[in-house]
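Peer 1: Once you've had a glance at the structure underneath, I'll fire off some questions.
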Protein chains: 2
Amino acid sequence: MTKKLNLAQFLPYRCNNLAEQISFSLSRIYVERFGVSVAQWRILATLGDGSEMQAKEIGRVTNMDKVRVSRAVTSLRSRGLLERKPCDTDSRAALLSLSSEGQHLYRRIAPEALRWEEQLLQPLSHAERQSLFGMIEKLETRLGEMEASA
Amino acid sequence: MTKKLNLAQFLPYRCNNLAEQISFSLSRIYVERFGVSVAQWRILATLGDGSEMQAKEIGRVTNMDKVRVSRAVTSLRSRGLLERKPCDTDSRAALLSLSSEGQHLYRRIAPEALRWEEQLLQPLSHAERQSLFGMIEKLETRLGEMEASA
DNA sequence: TGAAACTGGTTACACATGGAACCATTTGCC
DNA sequence: GGCAAATGGTTCCATGTGTAACCAGTTTCA
């Protein structure tokens, strides 16, 4: 007989739910309290150390497609959180970086986000945390292999 | 100095990406090959053993809100995959179950989904798999606690 | 140098999703 | 019994997202 499929033990389902619940719960911080969407938050987090990069690169780093990046950038810029400076080696592109207000906002959100994550991870030992990230890593590379051979 | 936030080691980010990639990759099977959305697939999986339940209960089991369930049900019904029978204890509700076509489709998709999952999990040992599911469990209950105390 | 292919980024369109309003029925309670 | 509150489900609306088309600028290569 065929092995029974049980959603509760089906990784895609469990993983989706977990991600969704995490996002929802964490969004309390940046969405509700700071009015920043997930996409915007990712950009803040990427440029938070003061770096300056093109939208393209932001997309690569944050794993977002260019449309999503473009929109989040527009929105951040309209709030004066992001600065855009023409790129002198390629006039189609622009270099993006946080304005000082952007930096300020980032410095307010980041510690909260980390504190929140710490709370979430509290029931896991150090070894478990490492193992968790390690498995995520493995699964992602595995997905890459599977896609490649498809 | 404040601990640096690095997206690559930030669980919400990693977990979201993983879930997204898994969904995307798996959707090849049920979306592209069988024309079934994620919501619809979850319903198939829930009723696949022949059970019969109300939309409300499906929502609880599959972790979907009632709007999403309602739409997926309509869609499955329009394809003749789902049957709806009035519930005699409550005339607002209806009892849903797979039609024989629905059962048939389920029996075609489920083994593929399981095979796919097996491939994905291949790089993880049995112990690792158990640990992974265990941690997901812990994180979800932790999220529950955090929400409750918020 | 000049045309074709390519690339960074934006816009237009289609679609899935969730919250709120809604309808019909059921439950709780006096 | 009867009225208010709650509940199962559907519909409406606003929003976020991805694909495809698009524009402007850049690379390639004959």
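Peer 1: For helix A:100-121, what angle does its Cα long axis make with the longest principal axis of chain A, in degrees from 0 to 90 and rounded to 10?
Peer 2: The helix A:100-121 is inclined about 10 degrees to chain A.
Peer 1: If you fit an axis through the alpha-carbon atoms of helix B:66-78 and take the longest principal axis of the Cα set of chain B, what angle between them do you get, 0 to 90°, nearest 10?
Peer 2: Value to nearest ten degrees: 50.
Peer 1: Another question, if that's okay. Run the numbers for B:R107 and B:A8: contour at 0.36 nm per residue of separation, minus the present Cα-Cα distance, in nm. The partial results should precede the final answer.
Peer 2: On the way: separation 99, 0.36 × 99 = 35.64 nm, distance 3.87 nm.
Gain in length upon complete extension: 31.8 nm.
Peer 1: Here is a further query. Would you calculate, for the protein assembly as shown, the mean residue ellipticity at 222 nm contributed by helices, counting each DSSP H stretch of 4 or more residues as -39,500 (n - 2.57) and dividing by all residues, to the nearest 500? Write down the numbers at each step before the final one.
Peer 2: Details: 12 runs with 186 residues, N = 300.
It lands at -20500 deg cm²/dmol.
Peer 1: Stretch A:R84-A:R33 to full length: gain in nm at 0.36 nm per residue minus the Cα-Cα span?
Peer 2: 15.8 nm
Peer 1: So, one more: Which residue in A is nearest the A/B rotation axis when you measure from the C-beta atom, and what is the distance in Å?
Peer 2: Axis relating chain A to chain B; nearest Cβ residue and distance: A:A19, 2.
Peer 1: Roughly what angle does helix B:11-27 make with the longest principal axis of chain B, taking Cα atoms, 0 to 90 degrees, to the nearest 10?
Peer 2: Roughly 40 degrees, rounded to the nearest 10.
Peer 1: In nm, to one decimal, how far is the modelled label at A:A127 from the one at A:K56, with both set 7 Å along Cα→Cβ?
Peer 2: So the label points at A:A127 and A:K56 sit 4.6 nm apart.
Peer 1: Taking the Cα centre of region B:63-149 as origin, sum charge times position over the Cβ atoms of Lys and Arg (+1) and Asp and Glu (-1), and report the length of that vector in debye to the nearest 20.
Peer 2: Numbers: 14 positive and 13 negative charges, 94 e Å.
For this selection, approximately 460 debye.
Peer 1: Would you give the gap between the C-alpha center of region A:63-113 and the C-alpha center of region B:1-66, rounded to a whole Å?
Peer 2: Between the Cα centre of region A:63-113 and that of region B:1-66, the gap is 30 Å.
Throughout, read-outs are computed from the coordinates displayed, never taken from laboratory work. Since this is a predicted model, take the numbers as computed values, not measurements. So basically every Cβ, Gly included, is an ideal-geometry build from the backbone, and we count neighbours across all protein chains shown.
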